[in-house]
1. I'm trying to understand the selection: among the residues of segment 63-115, which are within 15 Å of Glu6 (Cβ to Cβ) and outside any strand (DSSP E or B)?
2. State whether the residues of segment 37-59 include one that is closer than 23 Å to Val113 by Cβ, assigned to a strand (DSSP E or B) and in contact with a Leu (Cβ under 6 Å, 6 or more places away or on another chain).
3. Only residues that are open to solvent by 20 Å² or more (accessible area, probe 1.4 Å) and either hydroxyl-bearing (Ser, Thr, Tyr) or in contact with a His (Cβ under 9 Å, 6 or more places away or on another chain) (or both): list them for segment 81-108, please.
4. Determine, yes or no, whether Tyr59 is without any contact (Cβ under 8 Å) to a residue 12 or more places away in the chain and of a type outside the set (Asp, Glu).
5. Going through segment 63-80 one residue at a time, which ones are modelled with pLDDT of 95 or more and open to solvent by 60 Å² or more (accessible area, probe 1.4 Å)?
6. Report yes if Gln13 is closer than 19 Å to Thr90 by Cβ and loosely packed, with under 13 Cβ neighbours inside 10 Å, otherwise no.
7. Which members of segment 18-55 meet the condition of being among the polar types (S, T, N, Q), at pLDDT 95 or above and open to solvent by less than 60 Å² (accessible area, probe 1.4 Å)?
Amino acid sequence: QVQLVESGGGLVQAGGSLRLSCVASGSTFSIKRMGWYRQAPGKERELVASISSDGDTNYVDSVKGRFTISRDNAKNTVYLQMNSLKPEDTAVYYCNAGREGMHYWGKGTLVTVSS
């Protein structure tokens, strides 16, 4: 089992920045890809960014150039640096980890961007 705990969400004005963190615990030794998803009210959950164990990243088009995902394997932590935030980035952000064919989720952290 893998437990994921997110932090760093909050209220920010448009154009501002936030940094999300997700700490993994439990059976973390074979986690492959980690990522951030988000779900806005009335919308489906979508992948925002993901990163492999060797640093390969991918992003949804809407956040390219504004968000950066990074990972500290020694600390079992993945980060999402979010710059130039827009009201449409408002959502609950969830951390995800893939391990041995299983996917694990955190409880989410709310990001609210005011206009």
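The values are calculated or read from the model by the stated rules, or taken from the named source; none is laboratory data. A quick note: this is a predicted structure, and the numbers were derived from the prediction, not measured. We place every Cβ from the backbone using ideal geometry, glycine too, and count neighbours over all the protein chains shown. Ligands, DNA and RNA are excluded from the accessible area calculation, which covers all protein heavy atoms including side chains. Shrake-Rupley method; radii C 1.70, N 1.55, O 1.52, S 1.80 Å.
1. Hits for segment 63-115 are Lys75, Asn76, Gly106, Lys107, Gly108.
2. yes
3. Ser84, Thr90, Tyr94, Tyr104
4. So Tyr59 passes the test.
5. Answer for segment 63-80, where residues must be modelled with pLDDT of 95 or more and open to solvent by 60 Å² or more (accessible area, probe 1.4 Å): Lys64, Gly65, Thr68.
6. Spelling it out, Gln13 is indeed closer than 19 Å to Thr90 by Cβ and loosely packed, with under 13 Cβ neighbours inside 10 Å.
7. If the condition is that a residue be among the polar types (S, T, N, Q), at pLDDT 95 or above and open to solvent by less than 60 Å² (accessible area, probe 1.4 Å), then Ser21, Ser50 are the ones that fit.
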